[in-house]
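Remarks on the structure that follows.
The values are calculated or read from the model by the stated rules, or taken from the named source; none is laboratory data. What you see is a predicted model; the values in this text were computed from it and never measured. Neighbour counts are summed over all protein chains in view; Cβ atoms, including those assigned to glycine, are modelled from backbone coordinates with ideal geometry. Accessible surface is based on the protein model in full, side chains and every heavy atom, while ligands, DNA and RNA are left aside. Shrake-Rupley method; radii C 1.70, N 1.55, O 1.52, S 1.80 Å.
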Amino acid sequence: MNFYWPRFVKVFYRREPISSFILIVAAVDMVMGGVDGKWSLFSLGLMVAMLGVGIRWWQSEKTKAIAVKQSPRRYLPPSGSTQRQPLPMLTKQHRR
């Protein structure tokens, strides 16, 4: 587990740095509140963690919507088209 943990954190943090930072702060608040018995700090950390998860979900939904809207441009006709025209001959034209 120790070998994979830093890699997981790096990938997680690089993908969405803002929501990852919010989740890390929330986790620290929850640990501090849970260890010291301060339930207000624990509940604040829990609410901030839910906010971070919500932001991450919203960002992922936004990128999915952008990906769906963009349709690919097609510059060439489909390969199964019946109108096949021969390609022009490529020859060097000498200028004099």
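Odds and ends about this structure:
- Index of the failed condition, GLN83 passing every other in (1) open to solvent by 100 Å² or more (accessible area, probe 1.4 Å); (2) at pLDDT 80 or above: (2)
- Hits in region 1-27 - residues which are loosely packed, with under 13 Cβ neighbours inside 10 Å and at pLDDT 80 or above: PHE21
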